[in-house]
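Taken together, the values in this text are just the output of simple stated rules run on the coordinates, not laboratory data. On a predicted model such as this, the values are computed, not experimentally measured, just so you know. Here the Cβ is made from the backbone with ideal geometry for all residues, glycine too, and neighbour counts use every protein chain on show.
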Amino acid sequence: MNNTLDKKLINYGEALYEACFQEMANDENVFIYGLGVDDPKGHYGTSKDLHKEYGNKRNFDIPLSEDALTGVGIGAALAGLRPIYVHQRMDFLLLCMNQLVNMAAKIRYISSGEHSVPIVIRAAIGRSWGQGAQHSQSFQSYFMHVPGIKVIAPTTPHDAKGALISSIRDNNPVVFIEHRMLYKNAGYVPSTSYEIPFGKGRILREGNDITIVGVSHTVEDSLRAADLLKSVGVNAEVIDPISLSPIDYDLIRSSASKTKKLLVVDNGWMTCGFSSEIITDVAINCEGIRCQRIGFEDTPCPTTPILEKAFYPNPQSIAIMANKMCGGNKKWSPPAVEQHEILSFKGPF
Amino acid sequence: MKKKFNVEKAYYLFLLTRKSEEKIIELYNTDKIKSPVHLSIGQEAIAVGVNMAISEDEVIFSNYRGHAHYIAREANLDKMWAELYGKSRGTARGKGGSMHLNDWGKKFMPTSAIVSTAIPQAVGYAYALKYKNQKGVVICYHGDGATDEGVFWESLNFASLHSLPIIFICENNKYAIYTHQDKRAMNDPIVERARAFGVNATKIKGSSTEDFYNATIDCLNNIEKESKPHLIECNCLRWRDHVGVGDARDLNYRNEKEVDEAITNDDLLSLEKKLPISTVNAIKLKVDSQINNAVRFAEDSKFPEVNELYDNVYG
């Protein structure tokens, strides 16, 4: 049987579950822990009932002690295990910073390669339906800043499964960013196990007029913006970097050199952020590229829908900015695009 | 299964530790050791007692005041000196220094300069021992300052919840830099609070090497019967400055008399008195030679190549 044909239509959350299930079968040192991972919801189904399959010590609930439990994972990794620490909201990673930055990122260096820390920190970013100031933050740039930590933020179900498998098998600490608004997205995913490599991005849509680079959920909105741009004759090339540290600069540089225009759509505040880094690299390494960026407004995320909508970039605002960069009509007002994952999302959590 | 306390061995480990640090003091003004050192002088009895009680199976998590833990474990002295000198034959090829010693051959894990930070890792290692059904107990050294940190209590809670084989060795020298414990916590807090978390915690009455040895043996015996976290609080006095090679009496932040008294009651002298003079002299010669060789090893080692800067950021 040809394995490449062995694909199923599953969603992003199911793809993450498959990655966990298969890696736990593949390596008895892999274990999952985090608040509620073994509860009836199993972190949106991604770890549901894995303790029934693999035993309680391999999928277990924890006290609310993010600082210590990060250290516990690091210590277990030092002893040869491969922990996966799951956080329902990325905002809680601020309680883990000492362990991640001072220890996980440093132990290999300060032991001259004697020890490594193969831990995966899974962090979900929330959005919409009033997640507000402390349930919506996206800290990819905090971790991209630190040598010794890898960061990956897959967008498609296919890449989610492969990237999680790569993260588990990697010998470095990995911050794995999963966006809540992507969990229900469906796609064809191989049933077998496979890896998505670090440092390799993907062109999701080819075009010659402008390069748009998104990150995590803004890749989706960038693709929608590209659809809008087509109606005014602009062919946008949309890049999903997937891996944020290391990042596939070659891919971005070569696309930007082709289109001569680069728009980075950040999934976070722009100051000292993902977009700053991409644009800096292109400014240094490529000639004559017009650069722009769009991202979260420079405020905390508000709760009420009308302000929340104003806080985030959306397909229209991305398309308008791209069209201006391409010399299009400054007064162009594209039609509203349904962001079904945002509209359909209801709480309470 | 109590092994008899071996005075000769204790004296040797104690002297090796003391003399190594005295050599650091002697050489510090040459500026060949270009990094902070946090000396253990005055606190060595704990490390010596603990190391004599434990076996090769035990895994050590220490801290930035870790020379005594490292030397009394008989970890590689040559490599430690080369590391202090920033040389390529050091424990981290010069990239770690005094605050990040490590020797995997002796299961001595990389230490941290951030107070309390390695403590949950020690607990995680103990979780892994239990997970893999492996022999061994984790030894986790920390100071009284570490018990001010929330992560310490979070770690005790998890260790207790999972009945982990770990001994927390609390070296209580009463000071976090120059701030006395009385200014930092109410009611002599450590043992009582640890017990509330379900940890088998004991405040050791004496402060001799043998006292700490016996306490560690008791913990190991208990854990052999039933896996459970233990804590022993060991009183000690730091004769030197918090960091660097200065005298604890220099800045008038503490009572000089208590320092004088601790120096008079030095357990190294008590151990020495219990041994025949010929044994003492032979050990002194051996220790001097070991330390001189280690310093020579450091002097003779090369600095790392500049192109090593990027090595081991990622694996």
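Values as computed for the structure displayed
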quantity: Residue among B:133, B:99, B:70 farthest towards the positive dipole end of region B:68-140, charges placed on Cβ; calculated: B:133
quantity: The protein assembly as shown - share of DSSP beta bridges that are antiparallel (%, nearest 5); calculated: 20 percent
quantity: Long pairs among B:174/B:274; B:79/B:257; A:8/B:130; B:225/B:257, criterion Cα-Cα beyond 32 Å; calculated: B:79/B:257; A:8/B:130; B:225/B:257
quantity: Shielding by other protein chains, A:62-68, mean Cβ within 10 Å; calculated: 6
quantity: Cα centroid of region B:42-93 to Cα centroid of region A:81-101, whole Å; calculated: 30 Å
quantity: Relative contact order %, chain A, counting alpha carbon pairs below 8 Å whose residues are six or more apart; calculated: 16 percent
quantity: With eigenvalues of the C-alpha gyration tensor scaled by 5 and rooted, chain A, Å; calculated: 33, 22, 20
quantity: Extension gain from residue A:97 to residue A:231, taking 0.36 nm per residue of separation minus the Cα-Cα distance; calculated: 43.7 nm
quantity: Average beta carbon contacts from partner chains per residue of B:157-167, 10 Å cutoff; calculated: 2
quantity: Distance between modelled label sites at residue A:64 and residue B:56, nm, 7 Å Cα→Cβ extension; calculated: 4.7 nm
quantity: Among B:186, B:109, B:80: highest mean-square fluctuation, GNM of chain B, C-alpha pairs under 10 Å; calculated: B:186
quantity: Degrees separating the helix A:217-230 axis from the principal Cα axis of chain A, which is the longest one; calculated: 20 degrees
quantity: Rounded FRET efficiency, nearest 0.05, which uses the C-beta distance separating residue B:255 from residue A:280 and R0 of 51 Å; calculated: 0.35
quantity: Cα-based convex hull, region A:202-343, per residue volume (Å³, whole number); calculated: 110 Å³
quantity: P(r) weight above 11 Å for region A:210-249, C-alpha pairs, percent; calculated: 61 percent
quantity: Separation between Cα centres of region B:124-183 and region A:181-223, rounded to whole Å; calculated: 44 Å
quantity: Average beta-carbon neighbours from other chains, 10 Å sphere, peptide B:111-122; calculated: 6
quantity: Mean Cβ neighbour count within 10 Å, used as a protection proxy, ranking A:224-232, A:278-286 highest first; calculated: A:224-232, A:278-286
quantity: Bridge type composition, region B:57-190 - antiparallel percent by DSSP, nearest 5; calculated: 25 percent
quantity: Among A:322, A:336, A:79, residue whose mean-square fluctuation peaks in a GNM of chain A (springs only between Cα atoms under 10 Å); calculated: A:336
quantity: Volume in Å³ per residue [convex hull over Cα atoms, computed for region A:134-184]; calculated: 77 Å³
quantity: Selection from B:90, B:113, B:239 lying farthest towards where the dipole of chain B points positive, charges on Cβ; calculated: B:90
quantity: For chain A, share of DSSP beta bridges that run antiparallel, in % to the nearest 5; calculated: 25 percent
quantity: Rounded to whole Hz, the Karplus (6.51, -1.76, 1.60) HN-Hα couplings of region B:55-64, x for glycine and proline; calculated: 10, 5, 6, 6, 10, 10, 10, 10, 8, 5
quantity: Peptide ranges A:288-299, B:12-23 listed from the most packed, as the mean C-beta count within 10 angstrom indicates; calculated: B:12-23, A:288-299
quantity: Lys/Arg +1, Asp/Glu -1 at C-beta; chain A dipole; positive extreme among A:228, A:136, A:35; calculated: A:228
quantity: Point-charge dipole on Cβ atoms (K/R +1, D/E -1) for region A:233-316, about Cα centre, debye to 20; calculated: 320 debye
quantity: Zone of residue A:191's modelled label, taken as backbone nitrogen in region A:156-181 under 18 Å from a point 7 Å along Cα→Cβ; calculated: A:158, A:161-162
quantity: Kyte-Doolittle mean at least -1.0, axial Cα span of 30 Å or more - DSSP H helices of chain B; calculated: B:7-28, B:277-300
quantity: Charge dipole (debye, nearest 20) of chain A; +1 at Cβ of Lys and Arg, -1 at Cβ of Asp and Glu; calculated: 680 debye
quantity: Theoretical FRET efficiency, 1/(1+(r/R0)^6), r = Cβ-Cβ of residue B:221 and residue B:9, R0 22 Å, to 0.05; calculated: 0.65
quantity: Cα-Cα P(r), the protein assembly as shown, percent of pairs per 10 Å interval; calculated: 3, 15, 22, 21, 16, 12, 7, 3, 1, 0
quantity: Candidate aspartates and glutamates - alpha carbon under 19 Å from residue B:32, same-chain residues fewer than 8 apart omitted; calculated: B:21, B:22, B:78, B:83, B:299, B:300, B:305
quantity: FRET E, pair residue B:179, residue B:273, Förster distance 35 Å, beta-carbon r, rounded to 0.05; calculated: 0.45
quantity: Helical contribution to [θ] at 222 nm, DSSP H n ≥ 4, -39,500 (n - 2.57), averaged over the protein assembly as shown, rounded to 500; calculated: -11500 deg cm²/dmol
quantity: Candidates A:223, A:307, A:35, ranked by Gaussian network fluctuation over chain A, Cα under 10 Å, top entry; calculated: A:307
